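Structure first, then comments.
The values are calculated or read from the model by the stated rules, or taken from the named source; none is laboratory data. None of the values given here were measured: they were computed from a predicted structure. Here the Cβ is made from the backbone with ideal geometry for all residues, glycine too, and neighbour counts use every protein chain on show. Ligands, DNA and RNA are stripped out before the accessible areas are found, and what is left, the full protein with its side chains, is counted by its heavy atoms. Shrake-Rupley method; radii C 1.70, N 1.55, O 1.52, S 1.80 Å.
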Amino acid sequence: MFKLRRTMMYVPGNNPSMVKDAHIFGADTVMFDLEDSVALNEKDAARLLVYNALKRLDYEGTEIAVRINGLDTPYGREDLEAIVRVRPHIIRLPKAETSKDVRDIEAIIEEIEAKEGIPVGSIQLMAAVESARGVLNAREIAAASKRLVGIAIGAEDFVTDMQTTRSLDGMELLAARSQVLLAARNAGIYALDTVFSDVNNEEGFINEVKHIKQLGFDGKSVINPRQIDVVHRIYTPTPQEIHRSERILKASEEAARKGSGVVSLDGKMVDKPIIERAQRVLSLATAAGTYELEGGEAIAY
Amino acid sequence: MLTNGIGRELPEYIEGIGQLKAYEEPFSIQPESRKFGPRLSRVTPQDKKLLASIEEAIVKCGLKDGMTISFHHHFREGDYIVNMVVDAIARLGIKAITLAPSSLNSIHAPIIEHIKNGTITKIETSGLRGPLADAISNGIMTYPVMIRSHGGRARAIEAGDLKIDVAFLGVPACDSYGNANGHSGKSFCGSLGYAKVDAQYADRVVLITDNIVPYPNVPASISQTDVDFIVKVEAIGDPRGIVSGATRYTKNPRELLIAKYASEVIKESGYLVDGFSMQCGTGGASLAVARSIKETMLEKGIKASFALGGITGQFVELLEEGLVDKLYDTQSFDLTAAKSIGSNPRHVEIDAGFYANPHNKGCAVNLLDIVILSALEIDTDFNVNVITGSDGVLRGASGGHCDTAAGSKLSIIVAPLIRGRIPTILDRVNAVITPGETIDVVVTDRGIAVNPRRKDLIERLSKTKLPIYTIEELKEKAEKITGKPQSVAYDDKIVAIVEYRDGTVIDVIRRVL
């Protein structure tokens, strides 16, 4: 089954109430933030809070990411020293400009992993590009490390860099989003879209999610639990899609059983990408609770 | 010491109160006596009911030391009546009065002074909040306060357990002969459901109004045949405190999550069928449940026969859209509800006895399918506390909680599993208002627990993908984060007695140390 990353919810790392049960709202990934949502005089408090939360609390299987401060700040190194030791699934580095940024972080993580007896390579990475330079280097960044599971675009800094502002139709982001997607697909990793900040504009949010889904993004960063269900709904396949995917997979299993290399359905050849797409459709449907994989684990609402 | 049916220890006798009867089971009491009747009156064609002042009304009613006065709480935090009348009683030097309103709020803090000066020596109410509640929890009263539910109070009045000598009832519109209602005038509050009981059973009834309208004022909630005197004052309340603007849907993600789970429970429970009935509180999660139920009703083409209780604008909307056929309203919670009751014949005012008295010939809660209730604390026996906080201090109201839980087919508690750093589910709640045997499901933001008595519901719900746990598991989930809370320290002095709706004692509340 595919690991779904339809939603990655930002949780300010200095807010104990939110940190203690951020996962209950059902985001595919919860991302504790030590960077932009934390004021300078709270950096150490946030680091300590997230460290202790990951050490003590049970997030009941939800994928946990931590966004650290950049290595060009006084906090990045210290963030890594603390956070690697409590082994989140993912460490996300902000404002990646070059592939070296990824490799630098990786080197430090590796060092700490080795020192602490953590299997080297067990912590995954995600990079966010948030500038013209980062977007142009996205191809190299996305391929910079085996640990990278995804690349995200951070739009707020990017539009500022581009000397424009964000609009509801997202024209100004089209080139950058496409570039990031191409980089992600080239490297075989996830592509995650930026946040939509106006939590009360549900219609605008819905339109943007439909737009980025059509572009090909795997999911979106969200800043409020209220945005989670909206994204998940849009990423939930229709009954027709589910039905067709089931038939494709059945045909593929049949072919495998017969030892036939060629899969066909309704007289047409079904090739590998179509099978992969069908698997993905059923994973999305299962996660949405509209379909149950045979023998698969039940997923909570 | 007595031990009641849910294992709470009670003294057999309390000075100033008398023998206590221990709670057994929700419907174990079979009443034997007859209905209480108020004194007869004589009003001649020459008599005038309009008096110049509250003092004059107090004197004409013959209020004396040791008597009982009553009020309604339809004006909520905007109420001027209780303070105004008790001030007048104090000025007249009358002492040792029992104050028996349908409920008390923060605005009634001035009563503290009247407890100190001996005007008020006993209190019987549904709820207590603010400084007065704090003072009572700290032991300011000689005799414990009697806490009753809305149905329990109506029962006590109709049974003569609570004998009202004079009822002082604020009314938003009234004619000069005592026909009154609550849906017009500057201080309009909608339903006068609690006041109706007092008007029918008190020996003397004084209406206090700021709005005299031409005779006859019909339809009337309170009838001229029950009213002795009328006093006009400048203002009976502060409209801002009486009705809030339209109650709004919550945007709090935690409340929305709880509501999502509760709505799923309702959908899967089997009770959401055409012609069902329901009651929701005014809390954020409750109202969000109502919204979600509405979506399901539209989807499935289901309509409700009636909605009950404290009515909010959300239910008026459902009424107007034809999704609910009738509203039974004892208390209108917001502007929309208060306006609707005077104009929509399908929005029906009912009194507290009709609503929930267990000892009449059939109250409305008996026909309730689904009720959504809140909780301050819940214990692993499903007993619910809505009267004291985690510090043991009075800060809530019994309301219709135990009435609707007992009457309904499906009672659902909605509450966050942790408030701040305090877990909501405990081994033992600080005070019991509603016995666990009448609670079916507890829905929190981190999981759902079904009362083991409801094997049918457990079977239904375990077929769903809802996060179902035992109540003990939910408690452990909370304690894994918060640790085990230290119990509140009390001394022996009893500051309040919690009466169950049938007149037995379900718990006593002691003074906090």
Of the candidates B:Gly503, B:Gly436, the one satisfying the condition of being on the phi > 0 side of the Ramachandran plot and touching an Asp or Glu at 6+ places or on another chain (Cβ under 9 Å) is B:Gly503
Can you name the residue in region A:194-204 that is away from chain B (no Cβ under 14 Å) and within 24 Å of B:Leu257 (Cβ to Cβ) and is also farthest from the chain's Cα centre (by Cα) among such residues? A:Glu203
List, please: which pairs have Cβ atoms under 7 Å, are six or more places apart or on different chains, and start with a residue in region B:52-80 that is on the phi > 0 side of the Ramachandran plot and part of a loop (DSSP other than H, G, I, E, B) and end with one that is of a type outside the set (Phe, Trp, Tyr) and open to solvent by less than 50 Å² (accessible area, probe 1.4 Å)? B:Gly66/B:Ala96
Looking only at residues in region B:332-347 that are closer than 18 Å to B:Val243 by Cα and open to solvent by 10 Å² or more (accessible area, probe 1.4 Å), which one is modelled with the lowest pLDDT? B:Leu335
Every residue from region B:477-498 that is within 14 Å of another protein chain (Cβ to nearest Cβ), of a type outside the set (A, V, I, L, M, F, W, C) and open to solvent by less than 50 Å² (accessible area, probe 1.4 Å): B:Lys477, B:Glu479, B:Thr482, B:Gly483
If only one of A:Lys146, A:Lys115, A:Lys95 is in the same structural domain as A:Phe32 (by TED's automatic domain parsing), in contact with a Ser or Thr (Cβ under 9 Å, 6 or more places away or on another chain) and open to solvent by 70 Å² or more (accessible area, probe 1.4 Å), which one is it? A:Lys95
Do the conditions hold for A:Asp79, that is, is it away from chain B (no Cβ under 14 Å), among the charged types (D, E, K, R) and open to solvent by less than 10 Å² (accessible area, probe 1.4 Å)? yes
Counting only residues that are more than 14 Å from chain B (Cβ to nearest Cβ) and either acidic (Asp, Glu) or touching a Ser or Thr at 6+ places or on another chain (Cβ under 7 Å) (or both), how many does region A:13-28 have? 1
For region B:294-310, state whether one or more residues are assigned to a helix (DSSP H, G or I) and either of a type in the set (Gly, Ala, Ser) or within 12 Å of chain A (Cβ to nearest Cβ) (or both). no
Residues in region B:15-34: is at least one over 29 Å from the mean Cα position of the chain (by Cα), among the hydrophobic types (A, V, I, L, M, F, W, C) and at pLDDT 95 or above? no
Applying the selection to region B:264-293, what residues are within 13 Å of chain A (Cβ to nearest Cβ) and either more than 26 Å from the chain's Cα centre (by Cα) or on the phi > 0 side of the Ramachandran plot (or both)? B:Glu264, B:Lys267, B:Glu268
Going by the conditions given, is A:Tyr10 part of a strand (DSSP E or B) and either of a type in the set (Asp, Glu) or surrounded by fewer than 24 Cβ atoms within 10 Å (Cβ to Cβ) (or both)? yes
Can you tell me how many residues in region A:232-259 are crowded, with 17+ Cβ neighbours inside 10 Å and within 14 Å of chain B (Cβ to nearest Cβ)? 1
Being away from chain A (no Cβ under 14 Å), crowded, with 24+ Cβ neighbours inside 10 Å and over 18 Å from the mean Cα position of the chain (by Cα): is that true of B:Ile433 here? no
Scanning region B:251-263 for residues that are open to solvent by 10 Å² or more (accessible area, probe 1.4 Å) and in contact with a strand residue (DSSP E or B) (Cβ under 9 Å, 6 or more places away or on another chain), the one nearest to the other protein chains (Cβ to nearest Cβ) turns out to be B:Tyr261
